[in-house]
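Following: one structure in structure tokens, then a few remarks.
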Ligand SMILES: Nc1ncnc2c1ncn2[C@@H]1O[C@H](COP(=O)(O)OP(=O)(O)OP(=O)(O)O)[C@@H](O)[C@H]1O
Ligand SMILES: [Mg+2]
């Protein structure tokens, strides 16, 4: 076997079937955009309103909370409850959609995976992008709702909001890569994920204030520390800091302290998960075509 | 001949499949408790050494299940080999299965973009080539229909049209010409000969011996995953005929 040296003007020999990972995905943005459009097309097939539904649903949801919980039930443990609740739900919805769909993404695209080469990371990444497309309308509703409730935006708050989105994105991508790869071998994974996503809304202060958990677990306890270092909890609190905290005077004081430290540790966790997810995905991706 | 530039190098590649009997955790656990083997190992391809020079056109021959399609999938990078390495020079396009790279829920038009983009063509170039592709495929009013309603011949037309218009340096074809009608088949063969005349590299899998004699100049014969012959096409085809 002769090893041919690259002569001038020759395309180099490239080793096949060795994925360039997320970096290769970054170089194929047009293909990514086609896959995202495909996903949206399939989702809204034969629907008149199409993507418009992603505006209607959060708007109605917010209205129900505002009227039902704020005006009818008059729950008063948390001021501006609709903004508080909706802000947390935005995080949970986008996380749930991204992770849930990413987990199924490789199996759902079995036809492509089995028959043709393309960087397989594209599938979980496009699930994340689709979740991002659906995030837009929810953010719009959140911002309008918060403004109606009396929100005055501040620079630190906007930064917190942006930080929350990036944190959720990195976290969802890492988990999505990991779960998508394992789901090819064990389809049970997607059901486990659905189950966990159902529970996850209760493990962060979305529906209730964090003080309730502190009272239950004990201030300064290890369990509370674990609860508070959950990156999703941190993301929810960042959104609260971004919008709800400045909706009424006094709200800000109800937020837990030491958010800065926990933001740093959450990003560390999310990035570590991303590295792990990429590694697992890459190690298993050579087997996708034959397992599907 | 001066030292030819290689287009495809197979360096000791082999492929095993584990025939898994189960796809769920529950079944796995039950089987493990019962002490049953969860998988049978099967070697589809024993280590293969093969170098294909640029501009060569090679036929892969062999009986059903001899590993031809597996070999092409390894070359295309669809699957990763268990040992060894495949190296390819330049852009590769493969027609490995009818409808590969097409999404049933998208229209023919959208699939042209998707498929060409998967094959690594930039957007501007696809737009430039779009009319040629459609003209070649000649599927008329079905262009804006979801491809799930296509016949296999129409699939082939569109897939072939996209693949040849991406101007691949290495072109892989796996038996798929069988589903085209006579006229389209003739058109495809003309195209393939044109690619060959342009000095592109071809690897063709087919059971149609007269066809490969016409298209190829070298024949490689596989038998149960072993490479058993590598000769000028005439000799390779003769060997196949004898083996029957
Ligand atoms: N994903 C897979 N899992 C398990 N076994 C496989 C898989 N793909 C192929 N095989 C096995 O590998 C062997 C070689 O298959 P391959 O498709 O390469 O044959 P072939 O030479 O193309 O045959 P044909 O002429 O019928 O197309 C077959 O025995 C097949 O059952
Ligand atoms: Mg075959």
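Each value in this text was obtained by applying a stated rule to the coordinates, not by laboratory testing. Everything numeric in this text was worked out from a predicted model, so none of it was measured. Positions of Cβ are generated from backbone atoms using ideal geometry, with glycine treated the same way; all protein chains shown enter the neighbour counts.
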With label points built 7 Å along Cα→Cβ from the Cα atoms of residue A:77 and residue A:29, find their separation and express it in nm. 4.5 nm
Most to least packed among B:76-82, A:168-174, A:65-71 [average Cβ atoms within 10 Å]: A:168-174, B:76-82, A:65-71
P(r), alpha carbons of the protein assembly as shown - 20 Å bins starting at zero, rounded %: 19, 44, 26, 10, 1
In the Gaussian network model of chain A, springs joining C-alpha atoms below 10 Å, which of A:258, A:194, A:154 carries the largest mean-square fluctuation? A:258
So, in nm, how far is label residue A:166 from label residue A:188 when the simple model puts each one 7 Å beyond its Cα toward the Cβ? 3.9 nm
Evaluate E = 1/(1 + (r/R0)^6) for residue B:30 and residue A:202, where r is the Cβ-Cβ distance and R0 equals 41 Å; express this FRET efficiency to the nearest 0.05. 0.80
Compactness ratio of segment B:81-168: Cα Rg over 2.2 N^0.38 Å, N = residue count? 1.13
Average partner chain C-beta neighbours within 10 Å, per residue of B:206-219? 0
Which angle between 0 and 90 degrees, to the nearest 10, do you get for helix A:81-108 versus the longest principal axis of chain A when only C-alpha atoms count? 20 degrees
Just order A:232-239, A:36-43, B:124-131, B:189-196 by mean Cβ neighbour count inside 10 Å, highest at the front, would you? A:232-239, A:36-43, B:189-196, B:124-131
Proxy reagent accessibility, fewest Cβ within 10 Å first, across A:47, B:152, A:105, B:66: A:47, B:152, B:66, A:105
With Cα atoms, 0 to 90° folded angle of helix A:53-64 axis to chain A main axis: 20 degrees
Taking every DSSP beta bridge that has both residues in segment B:6-243, what percent is antiparallel when rounded to the nearest 5? 60 percent
Take the Cα radius of gyration of segment B:6-243 and divide it by 2.2 N^0.38 Å, with N its residue count; two decimals is plenty. 1.10
Rank these for me by crowding, A:19, A:33, going from fewest to most other beta carbons within 10 Å. A:33, A:19
Could you tell me what fraction of 2.2 N^0.38 Å the Cα radius of gyration of segment A:213-275 comes to, as a two-decimal ratio? 1.21
Looking at the square roots a ≥ b ≥ c of the eigenvalues of the Cα gyration tensor of segment A:31-154, which shape do they give, rounded for a/c under 1.5, prolate if a/b is larger than b/c, or oblate? prolate
Would you mind calculating the relative contact order of chain A from Cα pairs under 8 angstrom and at least 6 residues apart, reporting the percent as a whole number? 27 percent
Descending packing, highest mean Cβ count within 10 Å first, for A:119-127, A:199-207 is A:119-127, A:199-207
How well do other chains shield peptide A:171-184, expressed as the mean number of their Cβ atoms within 10 Å of each residue Cβ? 0
With the 8 Å Cα cutoff and a minimum separation of six or more residues, chain B has a relative contact order in percent of 26 percent
Round to the nearest 10 and give me the degree value, 0 to 90, for the angle of helix A:29-43's Cα axis relative to the longest principal axis of chain A. 60 degrees
Which percentage, to the nearest 5, of the DSSP beta bridges contained in the protein assembly as shown is antiparallel? 60 percent
What are the equivalent ellipsoid semi-axes of segment A:53-291, built from the alpha-carbon gyration tensor (square roots of five times its eigenvalues), in whole angstrom, biggest first? 34, 20, 15
Within 10 Å of each Cβ of A:13-22, how many other protein chain Cβ atoms are there on average? 6
